[in-house]
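Participant: Provided herewith is a single structure, encoded as C-alpha coordinates, for subsequent inquiry.
The values are calculated or read from the model by the stated rules, or taken from the named source; none is laboratory data. From a predicted model like this one, the values you see are computed outputs, not experimental measurements. Here the Cβ positions follow ideal geometry from the backbone for every residue, glycine too, while neighbour counts run over all protein chains shown. The protein model used for the area step is the full one, side chains on, heavy atoms only, and it has no ligands, DNA or RNA in it. Shrake-Rupley method; radii C 1.70, N 1.55, O 1.52, S 1.80 Å.
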Amino acid sequence: MKRKTNLILILILAGALLAGIFDYPKYFNQGVDFFNHKFSFSFPHFPDKPFKLGLDLQGGIHLVYEADLSGIEQRDFDSVMEGLRDVIERRVNLFGVVEPLVQTEKAGNYYRLIIELAGIKDVNEAIKMVGETPFLEFKEVKSDYEKIVENNQKIQGGTATGTMEDPFQSTLLTGKYLKGARVEFSQVTGEAGVALQFDEEGAKVFTDLTEKNVGKPLAIFIDGILLSAPKVNEKISGGRAQITGKFTVQEAKDLAQNLSAGALPVHIKLISQQVVGPTLGSVSLEKSLKAGILSFLIIIAFMILIYRLPGFLSSISLLIYVILVLAVFKAVPITLTLAGIAGFILSIGMAIDANILIFARMREERKEQKSFETVVENGFNRAFSSIRDSNLTTIVVALILFGLGTGFVKGYAFALFIGVSISFFTAIVITKNLIKVFVGTKFEKWEKLWR
(Lines give C-alpha, C1' and ligand atoms only; values in the text may rest on other atoms or scores of the structure.)
Protein backbone atom coordinates (compact mmCIF):
# COMPACT_ATOMS: atom_id res chain seq x y z
CA MET A 1 0.00 0.00 0.00
CA LYS A 2 2.79 2.40 0.98
CA ARG A 3 4.67 1.61 -2.21
CA LYS A 4 1.57 2.27 -4.31
CA THR A 5 1.04 5.64 -2.61
CA ASN A 6 4.65 6.66 -3.21
CA LEU A 7 4.45 5.60 -6.86
CA ILE A 8 1.27 7.64 -7.41
CA LEU A 9 2.87 10.70 -5.80
CA ILE A 10 6.01 10.37 -7.92
CA LEU A 11 3.89 10.23 -11.07
CA ILE A 12 1.79 13.21 -9.96
CA LEU A 13 4.84 15.31 -9.08
CA ALA A 14 6.57 14.39 -12.35
CA GLY A 15 3.44 15.35 -14.27
CA ALA A 16 3.15 18.63 -12.35
CA LEU A 17 6.82 19.41 -13.05
CA LEU A 18 6.32 18.74 -16.75
CA ALA A 19 3.16 20.88 -16.79
CA GLY A 20 5.01 23.66 -14.94
CA ILE A 21 7.77 23.69 -17.55
CA PHE A 22 5.11 23.74 -20.26
CA ASP A 23 3.48 26.74 -18.54
CA TYR A 24 6.72 28.70 -18.27
CA PRO A 25 9.64 27.08 -20.13
CA LYS A 26 11.96 30.12 -19.96
CA TYR A 27 14.20 28.96 -17.08
CA PHE A 28 14.25 25.34 -18.26
CA ASN A 29 15.42 26.44 -21.70
CA GLN A 30 18.05 28.72 -20.12
CA GLY A 31 19.32 25.66 -18.24
CA VAL A 32 19.42 23.69 -21.48
CA ASP A 33 21.43 26.48 -23.11
CA PHE A 34 23.88 26.45 -20.16
CA PHE A 35 24.53 22.71 -20.37
CA ASN A 36 24.69 22.73 -24.15
CA HIS A 37 27.30 25.49 -24.03
CA LYS A 38 29.21 24.00 -21.05
CA PHE A 39 29.38 20.38 -22.17
CA SER A 40 28.79 20.70 -25.93
CA PHE A 41 25.45 18.93 -25.63
CA SER A 42 22.68 19.49 -28.15
CA PHE A 43 19.58 19.10 -26.01
CA PRO A 44 16.51 20.69 -27.63
CA HIS A 45 14.45 23.46 -26.04
CA PHE A 46 11.08 22.76 -24.49
CA PRO A 47 8.39 24.11 -26.86
CA ASP A 48 7.41 27.64 -25.83
CA LYS A 49 3.76 27.92 -26.76
CA PRO A 50 2.26 31.28 -25.76
CA PHE A 51 -1.05 31.73 -23.99
CA LYS A 52 -3.78 32.97 -26.26
CA LEU A 53 -5.10 36.32 -25.10
CA GLY A 54 -8.42 37.91 -25.96
CA LEU A 55 -9.13 41.29 -27.53
CA ASP A 56 -9.25 43.08 -24.16
CA LEU A 57 -5.75 41.86 -23.24
CA GLN A 58 -3.77 42.04 -26.48
CA GLY A 59 -5.73 44.59 -28.52
CA GLY A 60 -7.27 44.15 -31.93
CA ILE A 61 -10.04 45.33 -34.20
CA HIS A 62 -13.70 45.97 -33.40
CA LEU A 63 -15.97 46.16 -36.47
CA VAL A 64 -19.71 46.77 -36.70
CA TYR A 65 -21.62 45.94 -39.90
CA GLU A 66 -25.25 46.59 -40.75
CA ALA A 67 -27.07 43.87 -42.66
CA ASP A 68 -29.35 44.73 -45.59
CA LEU A 69 -32.44 42.56 -45.05
CA SER A 70 -34.64 44.47 -47.51
CA GLY A 71 -35.07 41.43 -49.76
CA ILE A 72 -35.78 39.01 -46.90
CA GLU A 73 -39.10 38.18 -45.30
CA GLN A 74 -39.28 39.32 -41.68
CA ARG A 75 -39.90 35.83 -40.38
CA ASP A 76 -36.52 34.79 -41.81
CA PHE A 77 -34.49 37.67 -40.29
CA ASP A 78 -33.15 35.66 -37.34
CA SER A 79 -32.15 32.63 -39.41
CA VAL A 80 -30.47 34.82 -42.04
CA MET A 81 -28.48 36.67 -39.35
CA GLU A 82 -27.41 33.37 -37.83
CA GLY A 83 -26.28 32.21 -41.26
CA LEU A 84 -24.41 35.49 -41.77
CA ARG A 85 -22.65 35.06 -38.41
CA ASP A 86 -21.63 31.49 -39.25
CA VAL A 87 -20.25 32.53 -42.63
CA ILE A 88 -18.16 35.35 -41.15
CA GLU A 89 -16.84 33.01 -38.42
CA ARG A 90 -15.71 30.53 -41.06
CA ARG A 91 -14.15 33.35 -43.06
CA VAL A 92 -12.02 34.77 -40.23
CA ASN A 93 -11.13 31.27 -39.01
CA LEU A 94 -9.82 30.52 -42.49
CA PHE A 95 -7.35 33.38 -42.04
CA GLY A 96 -6.11 31.99 -38.72
CA VAL A 97 -7.60 34.62 -36.41
CA VAL A 98 -7.54 33.36 -32.82
CA GLU A 99 -10.98 32.90 -31.25
CA PRO A 100 -12.78 35.65 -33.18
CA LEU A 101 -15.89 37.06 -31.56
CA VAL A 102 -18.70 37.30 -34.10
CA GLN A 103 -22.17 38.09 -32.81
CA THR A 104 -25.40 39.60 -34.04
CA GLU A 105 -27.34 42.48 -32.49
CA LYS A 106 -30.69 44.12 -33.13
CA ALA A 107 -30.70 47.89 -32.63
CA GLY A 108 -34.21 49.25 -33.24
CA ASN A 109 -35.15 48.12 -36.75
CA TYR A 110 -31.55 47.47 -37.73
CA TYR A 111 -29.74 44.16 -37.59
CA ARG A 112 -26.02 44.39 -36.98
CA LEU A 113 -23.03 42.13 -37.02
CA ILE A 114 -20.29 42.77 -34.44
CA ILE A 115 -16.84 41.35 -35.13
CA GLU A 116 -13.86 41.44 -32.74
CA LEU A 117 -10.52 40.17 -34.04
CA ALA A 118 -7.88 39.86 -31.34
CA GLY A 119 -4.27 40.36 -32.38
CA ILE A 120 -5.11 42.02 -35.71
CA LYS A 121 -3.62 45.52 -35.76
CA ASP A 122 -4.22 46.54 -39.37
CA VAL A 123 -7.85 47.65 -39.66
CA ASN A 124 -7.67 47.62 -43.48
CA GLU A 125 -6.51 44.01 -43.36
CA ALA A 126 -9.43 43.12 -41.08
CA ILE A 127 -11.98 44.87 -43.30
CA LYS A 128 -10.52 43.15 -46.34
CA MET A 129 -10.65 39.83 -44.51
CA VAL A 130 -14.37 40.18 -43.87
CA GLY A 131 -15.33 42.07 -46.99
CA GLU A 132 -13.67 39.73 -49.45
CA THR A 133 -16.41 37.20 -48.88
CA PRO A 134 -18.49 37.38 -52.08
CA PHE A 135 -22.23 37.78 -52.21
CA LEU A 136 -23.62 35.16 -54.57
CA GLU A 137 -27.12 35.38 -56.02
CA PHE A 138 -29.10 33.96 -58.91
CA LYS A 139 -31.54 36.20 -60.78
CA GLU A 140 -34.28 35.38 -63.24
CA VAL A 141 -35.45 37.60 -66.08
CA LYS A 142 -38.34 40.01 -65.67
CA SER A 143 -41.57 39.41 -67.62
CA ASP A 144 -40.69 42.21 -70.10
CA TYR A 145 -37.04 41.16 -70.35
CA GLU A 146 -36.68 41.55 -74.13
CA LYS A 147 -38.27 45.00 -74.14
CA ILE A 148 -35.96 46.18 -71.32
CA VAL A 149 -32.86 44.82 -73.10
CA GLU A 150 -33.87 46.48 -76.35
CA ASN A 151 -34.46 49.81 -74.60
CA ASN A 152 -31.12 49.56 -72.76
CA GLN A 153 -29.34 48.94 -76.06
CA LYS A 154 -30.93 52.06 -77.55
CA ILE A 155 -29.83 54.14 -74.56
CA GLN A 156 -26.29 52.75 -74.82
CA GLY A 157 -26.24 53.47 -78.55
CA GLY A 158 -27.44 57.01 -78.03
CA THR A 159 -30.61 56.57 -80.06
CA ALA A 160 -32.82 56.94 -76.99
CA THR A 161 -32.69 58.71 -73.64
CA GLY A 162 -33.66 57.60 -70.17
CA THR A 163 -32.36 55.37 -67.39
CA MET A 164 -31.19 51.85 -68.02
CA GLU A 165 -33.20 49.20 -66.17
CA ASP A 166 -32.00 45.92 -64.73
CA PRO A 167 -33.67 43.18 -66.80
CA PHE A 168 -33.19 40.66 -63.97
CA GLN A 169 -35.01 40.26 -60.67
CA SER A 170 -33.87 38.55 -57.46
CA THR A 171 -34.81 34.98 -56.55
CA LEU A 172 -34.63 32.96 -53.35
CA LEU A 173 -31.38 31.28 -54.44
CA THR A 174 -28.35 32.93 -52.82
CA GLY A 175 -25.06 31.89 -51.29
CA LYS A 176 -27.00 31.05 -48.12
CA TYR A 177 -27.65 27.60 -49.57
CA LEU A 178 -24.13 26.98 -50.91
CA LYS A 179 -22.56 23.74 -49.73
CA GLY A 180 -19.27 23.91 -51.62
CA ALA A 181 -17.43 25.25 -54.66
CA ARG A 182 -14.50 24.01 -56.74
CA VAL A 183 -12.63 24.87 -59.93
CA GLU A 184 -13.82 23.00 -63.00
CA PHE A 185 -12.58 23.16 -66.60
CA SER A 186 -14.84 23.05 -69.65
CA GLN A 187 -14.30 19.89 -71.73
CA VAL A 188 -15.12 21.87 -74.88
CA THR A 189 -13.29 25.18 -74.51
CA GLY A 190 -10.88 24.31 -71.69
CA GLU A 191 -11.88 27.51 -69.85
CA ALA A 192 -11.82 27.57 -66.07
CA GLY A 193 -15.12 27.85 -64.23
CA VAL A 194 -16.47 27.32 -60.72
CA ALA A 195 -18.76 24.38 -59.98
CA LEU A 196 -21.30 24.95 -57.20
CA GLN A 197 -23.04 22.43 -54.97
CA PHE A 198 -26.08 23.54 -52.99
CA ASP A 199 -27.40 21.96 -49.82
CA GLU A 200 -30.66 20.02 -49.74
CA GLU A 201 -32.86 23.08 -49.36
CA GLY A 202 -30.88 25.02 -51.96
CA ALA A 203 -31.09 22.09 -54.40
CA LYS A 204 -34.88 22.18 -54.17
CA VAL A 205 -34.93 25.95 -54.76
CA PHE A 206 -32.55 25.53 -57.72
CA THR A 207 -34.71 22.78 -59.23
CA ASP A 208 -37.87 24.90 -58.95
CA LEU A 209 -36.00 27.90 -60.40
CA THR A 210 -34.71 26.04 -63.47
CA GLU A 211 -38.11 24.40 -64.06
CA LYS A 212 -39.75 27.82 -63.95
CA ASN A 213 -37.23 29.37 -66.38
CA VAL A 214 -36.78 26.71 -69.10
CA GLY A 215 -35.82 28.46 -72.33
CA LYS A 216 -34.87 31.66 -70.50
CA PRO A 217 -31.54 33.05 -69.19
CA LEU A 218 -30.68 32.56 -65.51
CA ALA A 219 -28.19 35.17 -64.35
CA ILE A 220 -25.40 34.56 -61.80
CA PHE A 221 -24.18 37.60 -59.88
CA ILE A 222 -21.16 37.91 -57.55
CA ASP A 223 -21.14 41.08 -55.42
CA GLY A 224 -23.73 42.58 -57.77
CA ILE A 225 -21.65 41.96 -60.90
CA LEU A 226 -23.15 39.82 -63.66
CA LEU A 227 -20.80 36.92 -64.34
CA SER A 228 -22.89 34.85 -66.69
CA ALA A 229 -26.48 34.35 -67.80
CA PRO A 230 -26.69 30.86 -69.28
CA LYS A 231 -29.90 29.74 -70.96
CA VAL A 232 -31.82 27.04 -69.09
CA ASN A 233 -32.53 24.16 -71.48
CA GLU A 234 -34.26 21.88 -69.00
CA LYS A 235 -35.06 21.42 -65.33
CA ILE A 236 -31.88 20.70 -63.36
CA SER A 237 -32.05 18.48 -60.31
CA GLY A 238 -29.33 17.58 -57.81
CA GLY A 239 -28.37 21.13 -56.82
CA ARG A 240 -25.35 21.50 -59.10
CA ALA A 241 -24.54 24.66 -61.09
CA GLN A 242 -21.53 26.18 -62.80
CA ILE A 243 -20.27 29.75 -62.97
CA THR A 244 -18.46 30.72 -66.16
CA GLY A 245 -17.12 34.12 -67.03
CA LYS A 246 -13.78 33.85 -68.85
CA PHE A 247 -11.87 33.47 -65.59
CA THR A 248 -8.14 32.92 -65.40
CA VAL A 249 -7.22 29.79 -63.47
CA GLN A 250 -6.12 31.89 -60.49
CA GLU A 251 -9.33 33.95 -60.54
CA ALA A 252 -11.38 30.75 -60.60
CA LYS A 253 -9.35 29.34 -57.68
CA ASP A 254 -9.77 32.52 -55.61
CA LEU A 255 -13.50 32.64 -56.30
CA ALA A 256 -13.96 28.95 -55.42
CA GLN A 257 -11.97 29.39 -52.21
CA ASN A 258 -13.93 32.46 -51.14
CA LEU A 259 -17.25 30.84 -51.93
CA SER A 260 -16.26 27.69 -50.03
CA ALA A 261 -15.37 29.84 -47.04
CA GLY A 262 -18.90 31.12 -47.23
CA ALA A 263 -20.87 33.36 -49.49
CA LEU A 264 -22.81 36.00 -47.61
CA PRO A 265 -26.57 35.44 -47.52
CA VAL A 266 -27.16 39.23 -47.51
CA HIS A 267 -25.23 42.41 -48.19
CA ILE A 268 -23.46 44.02 -45.23
CA LYS A 269 -22.24 47.60 -44.79
CA LEU A 270 -19.44 48.69 -42.47
CA ILE A 271 -20.79 51.41 -40.11
CA SER A 272 -18.13 51.46 -37.38
CA GLN A 273 -14.50 50.47 -36.93
CA GLN A 274 -12.34 50.75 -33.84
CA VAL A 275 -8.79 49.78 -33.03
CA VAL A 276 -8.47 48.49 -29.43
CA GLY A 277 -5.04 49.18 -27.97
CA PRO A 278 -3.29 46.57 -25.84
CA THR A 279 -2.04 49.07 -23.22
CA LEU A 280 -5.15 48.96 -21.03
CA GLY A 281 -5.17 45.19 -21.31
CA SER A 282 -1.53 44.92 -20.17
CA VAL A 283 -2.22 47.02 -17.07
CA SER A 284 -5.36 45.04 -16.28
CA LEU A 285 -3.53 41.75 -16.81
CA GLU A 286 -0.73 42.81 -14.47
CA LYS A 287 -3.21 43.82 -11.74
CA SER A 288 -5.18 40.59 -12.22
CA LEU A 289 -2.04 38.49 -11.83
CA LYS A 290 -1.12 40.36 -8.64
CA ALA A 291 -4.63 39.77 -7.31
CA GLY A 292 -4.32 36.07 -8.17
CA ILE A 293 -0.96 35.68 -6.43
CA LEU A 294 -2.20 37.58 -3.35
CA SER A 295 -5.36 35.45 -3.21
CA PHE A 296 -3.30 32.29 -3.49
CA LEU A 297 -0.98 33.33 -0.63
CA ILE A 298 -3.92 34.30 1.60
CA ILE A 299 -5.59 30.93 0.99
CA ILE A 300 -2.36 29.09 1.86
CA ALA A 301 -1.93 31.12 5.06
CA PHE A 302 -5.55 30.48 6.05
CA MET A 303 -5.34 26.73 5.42
CA ILE A 304 -2.09 26.31 7.36
CA LEU A 305 -3.35 28.45 10.24
CA ILE A 306 -6.67 26.60 10.57
CA TYR A 307 -5.81 23.06 9.52
CA ARG A 308 -2.04 22.81 10.24
CA LEU A 309 -0.29 20.03 8.29
CA PRO A 310 -3.39 19.01 6.24
CA GLY A 311 -3.73 22.69 5.30
CA PHE A 312 -0.11 22.77 4.14
CA LEU A 313 -0.59 19.59 2.11
CA SER A 314 -3.78 20.97 0.52
CA SER A 315 -1.77 24.09 -0.43
CA ILE A 316 0.64 21.85 -2.36
CA SER A 317 -2.37 20.25 -4.00
CA LEU A 318 -3.74 23.71 -4.82
CA LEU A 319 -0.42 24.75 -6.36
CA ILE A 320 -0.51 21.65 -8.58
CA TYR A 321 -4.11 22.55 -9.46
CA VAL A 322 -3.03 25.99 -10.68
CA ILE A 323 -0.16 24.50 -12.70
CA LEU A 324 -2.39 21.88 -14.34
CA VAL A 325 -5.18 24.34 -15.17
CA LEU A 326 -2.73 26.77 -16.80
CA ALA A 327 -1.22 23.89 -18.80
CA VAL A 328 -4.67 22.90 -20.08
CA PHE A 329 -5.47 26.53 -20.90
CA LYS A 330 -2.27 26.65 -22.94
CA ALA A 331 -2.59 23.25 -24.61
CA VAL A 332 -6.26 23.37 -25.71
CA PRO A 333 -5.89 26.41 -26.17
CA ILE A 334 -8.41 28.63 -24.35
CA THR A 335 -8.46 32.35 -25.09
CA LEU A 336 -7.85 34.23 -21.87
CA THR A 337 -9.86 37.39 -21.28
CA LEU A 338 -10.16 39.55 -18.17
CA ALA A 339 -13.47 37.87 -17.38
CA GLY A 340 -11.87 34.46 -17.78
CA ILE A 341 -8.93 35.35 -15.54
CA ALA A 342 -11.32 36.67 -12.89
CA GLY A 343 -13.20 33.37 -13.10
CA PHE A 344 -9.95 31.43 -12.77
CA ILE A 345 -8.93 33.41 -9.68
CA LEU A 346 -12.36 32.72 -8.21
CA SER A 347 -11.94 29.02 -8.97
CA ILE A 348 -8.75 28.94 -6.87
CA GLY A 349 -10.87 29.70 -3.83
CA MET A 350 -13.51 27.19 -4.90
CA ALA A 351 -10.87 24.49 -5.44
CA ILE A 352 -10.02 24.47 -1.76
CA ASP A 353 -13.65 23.91 -0.70
CA ALA A 354 -13.42 20.15 -1.13
CA ASN A 355 -10.36 19.94 1.11
CA ILE A 356 -12.05 21.96 3.84
CA LEU A 357 -15.00 19.55 3.77
CA ILE A 358 -12.67 16.54 3.95
CA PHE A 359 -10.64 17.97 6.84
CA ALA A 360 -13.83 18.73 8.80
CA ARG A 361 -14.86 15.08 8.40
CA MET A 362 -11.39 13.93 9.50
CA ARG A 363 -11.65 15.99 12.68
CA GLU A 364 -14.95 14.34 13.50
CA GLU A 365 -13.42 10.90 12.95
CA ARG A 366 -10.38 11.77 15.04
CA LYS A 367 -12.55 12.67 18.03
CA GLU A 368 -13.73 9.03 18.09
CA GLN A 369 -10.16 7.87 18.76
CA LYS A 370 -9.88 5.88 15.52
CA SER A 371 -6.56 4.97 13.93
CA PHE A 372 -4.92 7.54 11.68
CA GLU A 373 -5.38 5.41 8.57
CA THR A 374 -9.11 4.92 9.35
CA VAL A 375 -9.48 8.65 10.00
CA VAL A 376 -8.01 9.45 6.57
CA GLU A 377 -10.07 6.84 4.71
CA ASN A 378 -13.34 7.70 6.46
CA GLY A 379 -12.74 11.44 6.10
CA PHE A 380 -12.36 11.20 2.33
CA ASN A 381 -15.10 8.57 1.90
CA ARG A 382 -17.71 10.48 3.92
CA ALA A 383 -16.98 13.76 2.13
CA PHE A 384 -16.81 12.22 -1.34
CA SER A 385 -20.54 12.15 -2.14
CA SER A 386 -20.99 15.82 -1.18
CA ILE A 387 -17.95 16.88 -3.22
CA ARG A 388 -19.09 14.76 -6.20
CA ASP A 389 -22.60 16.23 -6.22
CA SER A 390 -21.32 19.78 -5.86
CA ASN A 391 -18.87 19.39 -8.73
CA LEU A 392 -21.40 17.61 -10.96
CA THR A 393 -23.96 20.40 -10.62
CA THR A 394 -21.31 22.99 -11.50
CA ILE A 395 -20.21 20.90 -14.50
CA VAL A 396 -23.83 20.67 -15.71
CA VAL A 397 -24.14 24.47 -15.50
CA ALA A 398 -20.85 24.85 -17.40
CA LEU A 399 -22.04 22.49 -20.16
CA ILE A 400 -25.34 24.38 -20.52
CA LEU A 401 -23.47 27.69 -20.72
CA PHE A 402 -21.13 26.23 -23.33
CA GLY A 403 -24.00 24.80 -25.37
CA LEU A 404 -26.17 27.91 -25.38
CA GLY A 405 -23.57 30.67 -25.03
CA THR A 406 -21.41 32.41 -27.60
CA GLY A 407 -17.96 34.02 -27.67
CA PHE A 408 -16.67 34.92 -24.20
CA VAL A 409 -19.45 32.94 -22.49
CA LYS A 410 -18.33 29.75 -24.22
CA GLY A 411 -14.72 30.42 -23.20
CA TYR A 412 -15.72 31.10 -19.60
CA ALA A 413 -17.89 27.96 -19.49
CA PHE A 414 -15.09 25.81 -20.86
CA ALA A 415 -12.61 27.31 -18.37
CA LEU A 416 -15.09 26.60 -15.56
CA PHE A 417 -15.50 23.00 -16.74
CA ILE A 418 -11.73 22.48 -16.84
CA GLY A 419 -11.23 24.11 -13.43
CA VAL A 420 -13.91 22.07 -11.65
CA SER A 421 -12.76 18.79 -13.22
CA ILE A 422 -9.13 19.34 -12.23
CA SER A 423 -10.00 20.56 -8.73
CA PHE A 424 -11.98 17.33 -8.19
CA PHE A 425 -8.88 15.35 -9.14
CA THR A 426 -6.47 17.38 -7.01
CA ALA A 427 -8.73 17.35 -3.93
CA ILE A 428 -9.58 13.65 -4.00
CA VAL A 429 -6.43 12.07 -5.44
CA ILE A 430 -3.47 14.36 -4.77
CA THR A 431 -4.36 15.61 -1.28
CA LYS A 432 -5.35 12.11 -0.16
CA ASN A 433 -2.07 10.55 -1.30
CA LEU A 434 -0.07 13.38 0.24
CA ILE A 435 -1.72 12.69 3.62
CA LYS A 436 -1.38 8.91 3.26
CA VAL A 437 2.41 9.35 3.14
CA PHE A 438 2.24 9.92 6.91
CA VAL A 439 0.31 6.71 7.67
CA GLY A 440 2.47 4.47 9.86
CA THR A 441 5.01 7.20 10.64
CA LYS A 442 5.67 8.92 13.96
CA PHE A 443 4.09 12.11 12.57
CA GLU A 444 0.60 10.57 12.63
CA LYS A 445 0.67 10.65 16.42
CA TRP A 446 1.54 14.37 16.70
CA GLU A 447 -1.85 15.81 17.60
CA LYS A 448 -0.76 19.39 17.02
CA LEU A 449 -0.15 18.67 13.36
CA TRP A 450 -3.67 17.36 12.67
CA ARG A 451 -6.16 19.13 14.93
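Participant: In sequence order, what are the phi-derived ³J(HN,Hα) couplings for the stretch 43-52 according to the Karplus relation 6.51 cos²θ - 1.76 cosθ + 1.60 with θ = phi - 60°, rounded to whole Hz, with x for glycine and proline?
Facilitator: So the Karplus estimates, Gly and Pro as x, are 5, x, 6, 6, x, 9, 8, x, 5, 8 Hz.
Participant: Expected output is a single nm value to one decimal: the length gained when fully extending between GLN369 and ASP33, i.e. 0.36 nm times separation in residues minus the C-alpha distance. What is it?
Facilitator: Values: separation 336, 0.36 × 336 = 120.96 nm, distance 5.56 nm.
115.4 nm is the gain from fully extending GLN369 to ASP33.
Participant: Say the cut-off is 32 Å between C-alpha atoms; which of LYS4/LYS367; LYS49/LYS290; LYS2/LYS49; LYS154/LYS216; LYS106/LYS179 go over it? List each step's numbers first, then the result.
Facilitator: Numbers: LYS4/LYS367 28 Å; LYS49/LYS290 23 Å; LYS2/LYS49 38 Å; LYS154/LYS216 22 Å; LYS106/LYS179 28 Å.
In this structure, LYS2/LYS49 exceed 32 Å between Cα atoms.
Participant: Compare ILE222, ILE72 by solvent-accessible area with a 1.4 Å probe and give them largest first, with all protein chains kept in place. Don't jump to the answer; show the numbers that get you there.
Facilitator: Details: ILE222 20, ILE72 50 Å².
Sorted descending by solvent-accessible area, the residues read ILE72, ILE222.
Participant: Using just the helices of the chain, give the 222 nm mean residue ellipticity in deg cm²/dmol: DSSP H runs with n ≥ 4 each add -39,500 (n - 2.57), and the total is spread over all residues, rounded to 500.
Facilitator: On the way: 15 runs with 250 residues, N = 451.
Rounded to the nearest 500, it is -18500 deg cm²/dmol.
Participant: Rounded to two decimals, what ratio of Rg to Rh does the stretch 1-140 give with C-alpha atoms and a Kirkwood Rh?
Facilitator: 1.26
Participant: If amide hydrogens are placed 1.01 Å from N in the peptide plane, which non-local residues have theirs closer than 5 Å to the one on VAL276?
Facilitator: Hits under the 5 Å cutoff: GLY60, ILE61, HIS62.
Participant: Around PHE247, which amide H atoms from residues at least 5 apart in sequence, or from another chain, sit under 5 Å from its own amide H, with H modelled in the peptide plane?
Facilitator: Counting only residues 5 or more places away or on other chains, the set is ALA192.
Participant: Take THR441, THR393, THR5 and sort them by solvent-accessible surface of the protein heavy atoms, 1.4 Å probe, largest at the top.
Facilitator: Values: THR441 45, THR393 85, THR5 5 Å².
Final ranking, largest accessible area leading: THR393, THR441, THR5.
Participant: Ignoring ligands, DNA and RNA, what percent of the 1.4 Å accessible area of the chain is carbon and sulfur? List each step's numbers first, then the result.
Facilitator: Working: 14720 of 25020 Å².
Carbon and sulfur: 59 percent of the exposed surface of the chain.
Participant: Using the Kyte-Doolittle scale, find the helices of the chain whose mean hydropathy is at least 1.6 and whose Cα atoms extend 30 Å or more along the helix's long axis, counting only whole DSSP H runs. Mind dumping the intermediate values first?
Facilitator: On the way: long enough: 2-23 (31 Å, 1.28); 279-331 (43 Å, 1.73); 372-404 (47 Å, 0.76).
Those that clear 30 Å and a mean of 1.6 are 279-331.
Participant: What pairs in LYS330/LYS436; LYS121/LYS410; LYS142/LYS235 have C-alpha atoms more than 30 Å from each other?
Facilitator: From the list (LYS330/LYS436; LYS121/LYS410; LYS142/LYS235), the Cα-Cα distance tops 30 Å for LYS330/LYS436.
Participant: Using a probe radius of 1.4 Å on heavy atoms only, what accessible surface per residue do you get for the chain? Whole Å² is fine. Don't jump to the answer; show the numbers that get you there.
Facilitator: On the way: 25020 Å² over 451 residues.
Per-residue value: 55 Å².
Participant: Given a Förster radius of 30 Å and the C-beta distance between GLU201 and LEU226 as r, what FRET efficiency does 1/(1 + (r/R0)^6) yield to the nearest 0.05? Kindly include the intermediate steps, with their values, before the conclusion.
Facilitator: On the way: r = 25 Å, r/R0 = 0.83.
After rounding, the FRET efficiency stands at 0.75.
Participant: What FRET efficiency comes out for LEU294 versus SER40 if R0 is 60 angstrom and r is the Cβ-Cβ distance? Round to the nearest 0.05. Spell out each step's value before the answer.
Facilitator: Numbers: r = 44 Å, r/R0 = 0.74.
Once rounded, the FRET efficiency stands at 0.85.
Participant: I'd like the Kirkwood hydrodynamic radius of the stretch 341-439, using the inverse of the mean 1/r over distinct C-alpha pairs, in Å.
Facilitator: Numbers: mean 1/r = 0.0686 Å⁻¹.
Taking the inverse mean of 1/r over all distinct Cα pairs, the stretch 341-439 comes out at 14.6 Å.
Participant: So, one more: Considering every pair of different Cα atoms, what Kirkwood radius, in Å, is found for the chain? Write down the numbers at each step before the final one.
Facilitator: Numbers: mean 1/r = 0.0366 Å⁻¹.
Hydrodynamic radius (Kirkwood, Cα only) of the chain equals 27.3 Å.
Participant: I've got another one for you. Can you spot the aspartates and glutamates whose alpha carbon is less than 18 Å from LYS26's alpha carbon? Ignore those fewer than 8 places along the same chain.
Facilitator: Of all the aspartates and glutamates, those that pass the test against LYS26 - Cα under 18 Å, at least 8 places apart if same chain - are ASP48.
Participant: Follow-up question, since we're still on this one. Which three extents, in whole angstrom, do the alpha-carbon atoms of the stretch 268-334 cover along their principal axes, largest first?
Facilitator: Each principal axis gives a Cα extent; for the stretch 268-334 these are 63, 25, 16 Å.
Participant: FRET efficiency for GLN187 and ASP78, Cβ-Cβ distance as r, R0 = 45 Å, nearest 0.05? Walk me through the intermediate numbers first.
Facilitator: Numbers: r = 43 Å, r/R0 = 0.96.
Using R0 = 45 Å, I get an efficiency of 0.55.
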